[in-house]
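Taking it in order: structure first as structure tokens, then the write-up.
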Amino acid sequence: MSKKILFITVGGSPKPIITAIQTLQAQRVIFICSTGSRGSISQVSGEGKPCEVRQGRQIIEKLPNLPTHLALGAAFNPDEDIVGLDNPDEPAECYKIISEKIAALDVEPRDIAVDYTGGTKSMSLALAMAALDQGIELYVTTADRRNLLAVERNEMTTPVFTASISIMRVIEQFIPDYLAQYNYQAAMSHINEVMHSTPLLPEHKRQLRRLYDFCCLFDVWDRFDHAGAYELTQDFMKLAAFRETYGMALRRIIASRREIDPDFALPATGKAAHGYEIVEDLLLNAARRAAQNRFDDAVGRLYRALELTAQIHLLSAHHIHTGAVPVDCLPPDWHHQTDAATVKLGLLDSYRLLQEAFPDDSVSQVFAKTGKKLQNCLGIRNRSLFAHGFQPVSEDDYKQIHATVLQFIQQAVPAMDGGTQFPTKILDGVL
């Protein structure tokens, strides 16, 4: 099927360029040429017969410029269809100019082809790189190399199979960058685009599908969909690098969540080590949001981790569920505040209940020492747009709140070990 547009580098013999254009039969040809008095632009816009066919050093034939020789007629617009390169030996500059020209076209990559046979090495490199970056099919025109002095009579334009290059770039260049930023959505989008735009061998499809599922697992987990993440772990539990670190950690988080979340329906998949694994999960999530400079989101998770610590402790140590606390479990001076049989306690009231009803409690005693400092930090959160105010949370605000909350939780629950942060690289065995 012919393409709408062909980009082709010009320079050297005109024969391969003629062969490529005649073979690919594009509706429009854009010539990439070097400028200047000795530039290849003369082969496209020069008067008379500027195209020289050589045998060795001998000129054996002269031809009109390429658009004329190929009878492109009205399909060729010299103002739009010539890309002039003033520095044809500077690959970075060539790449920028060519990429901008491709981007300016309102055409899908599948409707574009490039042939990088002619021109300087830098021109060819730049065109090929621009095509790879945008998922455009590459072609090259070659002839029998056994006699380099012979006139090319058997040139052939053929596609260049670049799937292996695309796969290597995804695996070795792009995905590590996304994982380092915990940007799983971007990784999945990139993989999906490659799978839909690049002809792939079955093995390549398997690798990309596996990598997509790996990123999807952590994306789902990152959104606290522990049940969904658990389903996705099944394909990776045979990998020791995953199973011992993340597979078992998720099962402990699920067990911890089951104890505190009455609406969490996933059956038991493991046993919690200390019961606060869901708090560790929140703290690690906060660190990921901070790594993305999303400090408001990070502080929101720290607030929830602090609240959840109180909820888990009240339930496990005193059998009090903060979502429905019987009034008779409250200190007497709280009774006048409600006529209901049960009340729901927020963060500060949960710790206040610990202090007043259970003054000898270990967590209560830690809060007694650090509660004022915590409340000052919570004031920063309360003034943010995501809480009750309009003040954005800065990086320094986050660091202050994080250090204070983490110190309190570590003192209140010494058994917590911090958990393991999500991977920033592809684990061994995934591919």
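Taking the residues in the range 186-204 that are surrounded by fewer than 14 Cβ atoms within 10 Å (Cβ to Cβ) and touching a helix residue (DSSP H, G or I) at 6+ places or on another chain (Cβ under 8 Å) as candidates, determine which candidate is nearest to Leu232 (Cα to Cα).
If we take residues in the range 186-204 being surrounded by fewer than 14 Cβ atoms within 10 Å (Cβ to Cβ) and touching a helix residue (DSSP H, G or I) at 6+ places or on another chain (Cβ under 8 Å), then Asn192 is nearest to Leu232 (Cα to Cα).
All but one of (1) of a type outside the set (Val, Ile, Thr); (2) under 16 Å from Ser124 (Cβ atoms); (3) modelled with pLDDT of 95 or more hold for Gly39; state the number of the condition that does not hold.
(3)
Any residue in the range 165-194 that's within 18 Å of Trp221 (Cβ to Cβ): show its pairings with residues that are at pLDDT below 90 and surrounded by fewer than 19 Cβ atoms within 10 Å (Cβ to Cβ) at Cβ separation under 8 Å, as long as the two are six or more apart or on different chains.
Hits for this filter: zero, empty list.
Can you pull out every residue in the range 43-65 that is in contact with a strand residue (DSSP E or B) (Cβ under 8 Å, 6 or more places away or on another chain) and in a strand (DSSP E or B)?
Matches in the range 43-65: Cys51, Glu52, Val53, Arg54, Ile59, Ile60, Glu61, Lys62, Leu63.
So in the range 1-36, with the set limited to residues that are in a strand (DSSP E or B) and within 18 Å of Thr120 (Cβ to Cβ), which one is nearest to the chain's Cα centre (by Cα)?
Selected residue: Phe7.
Where residues in the range 390-431 are part of a helix (DSSP H, G or I) and hydrophobic (A, V, I, L, M, F, W, C), which of them is farthest from Ile175 (Cα to Cα)?
Ala412
Of the numbered conditions (1) surrounded by fewer than 18 Cβ atoms within 10 Å (Cβ to Cβ); (2) in contact (Cβ under 8 Å) with a residue 24 or more places away in the chain; (3) of a type in the set (S, T, N, Q); (4) in a helix (DSSP H, G or I), Asn293 satisfies every one except a single condition; which is it?
Every listed condition holds for Asn293 apart from (4).
Being surrounded by fewer than 21 Cβ atoms within 10 Å (Cβ to Cβ) and not charged (D, E, K, R) is the filter; apply it to the range 37-46 and report the residue that is nearest to the chain's Cα centre (by Cα).
Result: Gly39.
Please go through (1) modelled with pLDDT of 85 or more; (2) assigned to a helix (DSSP H, G or I); (3) under 23 Å from Ala286 (Cβ atoms) for Ala368 and return the number of the only condition it doesn't satisfy.
(3)
Considering each of Arg223, Arg206 in turn, give the residue that is without any contact (Cβ under 8 Å) to a residue 24 or more places away in the chain and farther than 18 Å from Asn183 by Cα.
Sole residue among the options that is without any contact (Cβ under 8 Å) to a residue 24 or more places away in the chain and farther than 18 Å from Asn183 by Cα: Arg206.
Which one is surrounded by the fewest Cβ atoms within 10 Å (Cβ to Cβ), of the residues in the range 107-126 that are within 25 Å of the chain's Cα centre (by Cα) and under 21 Å from Glu193 (Cα atoms)?
Among residues in the range 107-126 that are within 25 Å of the chain's Cα centre (by Cα) and under 21 Å from Glu193 (Cα atoms), the one surrounded by the fewest Cβ atoms within 10 Å (Cβ to Cβ) is Glu108.
Could you tell me which of the residues Arg258, Arg243, Arg252 is assigned by TED's automatic domain parsing to the domain that holds Ala187, more than 22 Å from the chain's Cα centre (by Cα) and either touching a residue at least 24 places away in the same chain (Cβ under 8 Å) or crowded, with 20+ Cβ neighbours inside 10 Å (or both)?
Testing whether each residue is assigned by TED's automatic domain parsing to the domain that holds Ala187, more than 22 Å from the chain's Cα centre (by Cα) and either touching a residue at least 24 places away in the same chain (Cβ under 8 Å) or crowded, with 20+ Cβ neighbours inside 10 Å (or both) leaves just Arg252.
Return yes when Phe76 is under 24 Å from Leu125 (Cα atoms) and of a type in the set (Phe, Trp, Tyr) and no when it is not.
The answer is no for Phe76.
Residue check, Tyr182 against (1) part of a helix (DSSP H, G or I); (2) in contact with a helix residue (DSSP H, G or I) (Cβ under 6 Å, 6 or more places away or on another chain); (3) within 20 Å of Ile278 (Cβ to Cβ), all met but one. Which one?
(1)
Every residue in the range 261-290 that is of a type in the set (Phe, Trp, Tyr) and either on the phi > 0 side of the Ramachandran plot or surrounded by fewer than 20 Cβ atoms within 10 Å (Cβ to Cβ) (or both), please.
Phe264
Of these, Asp297, Asp349, Asp339, which one is assigned by TED's automatic domain parsing to the domain that holds Val393, under 30 Å from Tyr178 (Cα atoms) and not basic (Lys, Arg)?
It is Asp297.
Mind listing just one residue for me: the one in the range 47-82 that is surrounded by 13 or more Cβ atoms within 10 Å (Cβ to Cβ), more than 22 Å from Ala26 (Cα to Cα) and touching a residue at least 12 places away in the same chain (Cβ under 8 Å) and, of those, farthest from the chain's Cα centre (by Cα)?
Out of the qualifying residues, it is Lys49.
The values are calculated or read from the model by the stated rules, or taken from the named source; none is laboratory data. Please read these numbers as outputs of a predicted model, since none were measured by experiment. For neighbour counting, all protein chains shown are included, and Cβ atoms are generated from backbone atoms with ideal geometry for every residue, glycine included.
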